[in-house]
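A.B. asks: The structure follows.
The values are calculated or read from the model by the stated rules, or taken from the named source; none is laboratory data. Note that the coordinates shown come from a computational prediction; the quantities given were computed from them, not determined experimentally. We place every Cβ from the backbone using ideal geometry, glycine too, and count neighbours over all the protein chains shown.
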Amino acid sequence: MWWIHRTLKTVVEWISLAILIGLTGVVVYATTFRYLGLSPSWYDEVAQILLAWLTYFAAVYAMFNRQHMGFAGLMLSLPTPLRIAVLLLSETLIVAFFGVAAWYGTMLLPFAQYDTLLSISWITMAMVQSVIPITAVLMIAASCLTFPEIFRDTLSGIDREHLEIDQAIASAEAEYGVGEEGKP
């Protein structure tokens with residue numbers, strides 16, 4: 001199971017990086033040519049689409065790392081049976097929401113195939129909007145693949161956010177040679 005998680009996370013990371021590099025290239029290209037008085041007509045549309053795609057894929061990457069905003073303090077203050085029930089409900093709602101997004105996103109793609117970008121007529125809106133069902137399915141996969149770890153942490157009463165902060169502080173103290181009393 002973990003190899004699927006690692007593989008999908010790596011693929012999403014590389015896709016996000018490629019989109020970011022592409023967006024940077026488009027912005028630098030357009031800025032340079034705009035400065036020279038030769039502004040490309042396609043720049044605005046392409047940059048907006050790349051930024052939207054980057055946002056979707058970055059959200060998926062955050063889901064694989066479980067870095068979305070949560071309420072760990074509230075969850076951990078609940079009794080264990082209620083904590084587990086709330087976790088199961090929230091994960092069910094997440095999967096249901098992205099299931100609906102994937103389903104209806106896919107249903108809309110045939111209608112979007114007849115509309116194109118204004119400046120680049122060979123790029124259909126179906127190609128542009130395909131990010132919705134693709135990332136919705138990836139969100140479901142991320143939720144399902146990370147659920148066992150989240151369930152274990154919730155059952156054990158581990159607050160991942162505070163754990164990461166404590167690890168970062170310990171790492172910084174070790175790097176700079178600071179002891180328990182805060183003195184070198």
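A.B. asks: It is to be established whether one or more residues within the range 94-113 are surrounded by fewer than 15 Cβ atoms within 10 Å (Cβ to Cβ), in a loop (DSSP other than H, G, I, E, B) and modelled with pLDDT under 95.
C.D. replies: yes
A.B. asks: Does Ser90 satisfy being among the small types (Gly, Ala, Ser) and either more than 22 Å from Met139 (Cβ to Cβ) or under 15 Å from the mean Cα position of the chain (by Cα) (or both)?
C.D. replies: no
A.B. asks: Scan (1) within 24 Å of the chain's Cα centre (by Cα); (2) at pLDDT 90 or above; (3) of a type outside the set (Phe, Trp, Tyr) for the single condition Thr154 breaks and write down its number.
C.D. replies: All conditions are met except number (2).
A.B. asks: Which residue out of Thr80, Thr24 is on the phi < 0 side of the Ramachandran plot, without any contact (Cβ under 8 Å) to a residue 40 or more places away in the chain and of a type in the set (S, T, N, Q)?
C.D. replies: After ruling out the rest, the residue left standing is Thr24.
A.B. asks: With the structure loaded, tell me whether Ser143 is touching a residue at least 60 places away in the same chain (Cβ under 8 Å), assigned to a loop (DSSP other than H, G, I, E, B) and either out of contact with any strand residue (DSSP E or B) (no Cβ under 8 Å at 6 or more places or on another chain) or not acidic (Asp, Glu) (or both) or whether it fails that test.
C.D. replies: No, not satisfied.
A.B. asks: A further question follows. Could you list all residues from the range 41-60 that are surrounded by 19 or more Cβ atoms within 10 Å (Cβ to Cβ) and either of a type in the set (S, T, N, Q) or closer than 19 Å to Glu149 by Cα (or both)?
C.D. replies: The one that is surrounded by 19 or more Cβ atoms within 10 Å (Cβ to Cβ) and either of a type in the set (S, T, N, Q) or closer than 19 Å to Glu149 by Cα (or both): Val60.
A.B. asks: Within the range 125-184, how many residues turn out to be more than 20 Å from Gly99 (Cα to Cα), aromatic (Phe, Trp, Tyr) and touching a helix residue (DSSP H, G or I) at 6+ places or on another chain (Cβ under 7 Å)?
C.D. replies: Going through the range 125-184 one residue at a time, the tally reaches 1.
A.B. asks: Next question, about the same structure. Just to be sure I understand, how many residues within the range 72-93 are surrounded by 14 or more Cβ atoms within 10 Å (Cβ to Cβ) and not in a loop (DSSP other than H, G, I, E, B)?
C.D. replies: Start the filter on the range 72-93 by keeping residues that are surrounded by 14 or more Cβ atoms within 10 Å (Cβ to Cβ), which leaves 72, 75-76, 78, 83-84, 86-87, 90-91.
In the following step, the residues that additionally are not in a loop (DSSP other than H, G, I, E, B) were identified as 72, 75-76, 83-84, 86-87, 90-91.
The total comes to 9.
A.B. asks: Just wondering, is there one or more residues in the range 64-71 that are of a type in the set (Gly, Ala, Ser), part of a helix (DSSP H, G or I) and at pLDDT below 95? Give the derivation first.
C.D. replies: Here is the first cut: in the range 64-71, the ones of a type in the set (Gly, Ala, Ser) are 70.
Still in the list and also part of a helix (DSSP H, G or I): none.
Taking every residue of the range 64-71 in turn, none turns out to be of a type in the set (Gly, Ala, Ser), part of a helix (DSSP H, G or I) and at pLDDT below 95.
A.B. asks: Between a first residue in the range 36-58 that is in contact (Cβ under 8 Å) with a residue 40 or more places away in the chain and within 21 Å of Ile134 (Cα to Cα) and a second residue that is hydroxyl-bearing (Ser, Thr, Tyr) and in a loop (DSSP other than H, G, I, E, B), which pairs have beta carbons less than 9 Å apart while being 6 or more apart in sequence or on different chains?
C.D. replies: Hits for this filter: Glu45/Ser119; Val46/Ser119.
A.B. asks: Further question on the same structure: I need a count of the residues in the range 1-43 that are touching a helix residue (DSSP H, G or I) at 6+ places or on another chain (Cβ under 8 Å), small (Gly, Ala, Ser) and either more than 19 Å from Leu138 (Cα to Cα) or not in a helix (DSSP H, G or I) (or both).
C.D. replies: 3
A.B. asks: What is the one condition in (1) free of Cβ contacts under 8 Å to residues at least 60 places away in the same chain; (2) crowded, with 16+ Cβ neighbours inside 10 Å that Ser156 does not satisfy?
C.D. replies: (2)
A.B. asks: Right, something else. Filter the range 44-69 for residues that are charged (D, E, K, R) and over 16 Å from Ala142 (Cα atoms) and give the result.
C.D. replies: Asp44, Glu45, listed by residue number.
A.B. asks: Now, a different point. Can you pull out the residues in the range 114-145 that are over 22 Å from Ile19 (Cα atoms) and modelled with pLDDT under 95?
C.D. replies: Scanning the range 114-145 gives Tyr114, Asp115.
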